[in-house]
Amino acid sequence: FTLNRAEIEWLLQVLNDVRVGSWLALGSPDLERKKQLAPDAQSRMHLQRMELAGMFEMFFLNAISGAA
């Protein structure tokens, strides 16, 4: 699987849109409030998407910076 820089930039934008969209759907919680969210199916789905998108963002950012 190979991506060029333009494709990685596009993917980072998509992942950020997913992360921010999930954060907004949760009511824009700060870190303390995020820990206190009710664990219903809807909030779990948004939390999982937000965290997974952030993880992939960091993976791709590290890849293009040469960090690992």
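Scanning segment 1-24 for residues that are under 18 Å from Arg49 (Cα atoms) and among the polar types (S, T, N, Q) yields Gln13, Asn16, Ser22.
So which residues in segment 24-59 are touching a helix residue (DSSP H, G or I) at 6+ places or on another chain (Cβ under 9 Å), open to solvent by 60 Å² or more (accessible area, probe 1.4 Å) and at pLDDT below 90? Selection gives Pro39, Gln42. Among residues of segment 1-23 being among the polar types (S, T, N, Q) and either modelled with pLDDT under 90 or in contact with a His (Cβ under 7 Å, 6 or more places away or on another chain) (or both), the one that is surrounded by the most Cβ atoms within 10 Å (Cβ to Cβ) is Ser22.
The values are calculated or read from the model by the stated rules, or taken from the named source; none is laboratory data. Quick caveat: nothing in here was measured; it's all calculated off a predicted structure. Please note: Cβ atoms are built from the backbone with ideal geometry, for glycine as well, and neighbour counts cover all protein chains shown. Areas reflect the complete protein model, heavy atoms only, side chains present, ligands, DNA and RNA absent. Shrake-Rupley method; radii C 1.70, N 1.55, O 1.52, S 1.80 Å.
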